[in-house]
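As structure tokens, the structure follows; a few thoughts come after it.
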């Protein structure tokens, strides 16, 4: 019995050492619940007051990077939260501003800055977006938020592995059926520039952008419908 207990203790210890520690998203979850409305409006003024909490969360992300034993859902949630948190961090550092495009550091847009800290590495928001696009799921574009009115809304809770799939579908449906973002009719559609900029992420050799939209749209679009793209509103989403 003693031998068995010793073996189990050693096995448990070995397992705990082998597992990569997970990032704790609770600080970010609280900040989002307190400062983002259900329609995605962001209270940047209050977030700036609570900048120390954001810095603490970003440190948490820096210290707990995805390990090889993380699930795909854990990793995706990590990168989505990182993208959204750093976007807000960059904006509140310069706030008040009228647009995320007004935020410059050494002449560079926030998406180009290699100021996102992951362990000993420094990457950019564009790099995070590329990592997420690598999963081959167009819904990812409705999870990350660039800080502009025309951007898909910022979810007012942290992304988590256990609800990743349902939240990706929910946020995609919300954006596609939002009349301020897309005007969808059976024979003619006026849709977000996101579908133009990232068109390859929404279609395959056998499917079209309309096919993708029809999965989530309340109004079913004719496959031969005319597509137009709406102007993008870069004003801050506050």
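The values are calculated or read from the model by the stated rules, or taken from the named source; none is laboratory data. Because the structure is predicted, anything quoted here is derived from the model rather than measured. Note: ideal-geometry Cβ built from the backbone for every residue, glycine included; neighbour counts use all protein chains shown.
The criterion of being surrounded by 16 or more Cβ atoms within 10 Å (Cβ to Cβ) and over 27 Å from residue 174 (Cα atoms) holds for residue 103.
Looking only at the stretch 116-130, residues that are closer than 14 Å to residue 88 by Cα and surrounded by fewer than 16 Cβ atoms within 10 Å (Cβ to Cβ) come to 0 in all.
Residues that are out of contact with any strand residue (DSSP E or B) (no Cβ under 9 Å at 6 or more places or on another chain) and outside any helix (DSSP H, G or I) are absent from the stretch 162-177.
Where helices (runs of 4 or more DSSP H) sit wholly within the stretch 1-67, those with at least 1 residues that are exposed (fewer than 12 other Cβ atoms within 10 Å of the Cβ) and at pLDDT below 95 occupy 2-18. For the stretch 213-224, the set of residues classified as over 25 Å from residue 36 (Cβ atoms) and outside any loop (DSSP other than H, G, I, E, B) consists of 213, 214, 215, listed by residue number.
Taking the stretch 189-204 as the range and being surrounded by 15 or more Cβ atoms within 10 Å (Cβ to Cβ), under 10 Å from residue 232 (Cβ atoms) and out of contact with any helix residue (DSSP H, G or I) (no Cβ under 7 Å at 6 or more places or on another chain) as the test, the residues that pass are 192, 196.
Looking across the stretch 147-160, just one residue is over 22 Å from residue 181 (Cβ atoms) and either crowded, with 17+ Cβ neighbours inside 10 Å or in contact with a strand residue (DSSP E or B) (Cβ under 7 Å, 6 or more places away or on another chain) (or both), and that is 158. On the stretch given as the stretch 161-188, residues that are loosely packed, with under 14 Cβ neighbours inside 10 Å and within 16 Å of the chain's Cα centre (by Cα) total 3. Of all residues assigned to the stretch 131-144, at least one qualifies as being surrounded by 15 or more Cβ atoms within 10 Å (Cβ to Cβ), assigned to a loop (DSSP other than H, G, I, E, B), within 11 Å of the chain's Cα centre (by Cα) and at negative phi. Only one entry of 227, 210 meets the criterion of being surrounded by 18 or more Cβ atoms within 10 Å (Cβ to Cβ), at pLDDT 95 or above and not in a loop (DSSP other than H, G, I, E, B), and that entry is 210. Of the numbered criteria (1) more than 27 Å from residue 41 (Cα to Cα); (2) not in a helix (DSSP H, G or I), the one residue 200 fails is (2). Among the residues in the stretch 73-93, are any surrounded by fewer than 17 Cβ atoms within 10 Å (Cβ to Cβ) and over 21 Å from residue 45 (Cβ atoms)? Yes, the stretch 73-93 contains a residue that is surrounded by fewer than 17 Cβ atoms within 10 Å (Cβ to Cβ) and over 21 Å from residue 45 (Cβ atoms).
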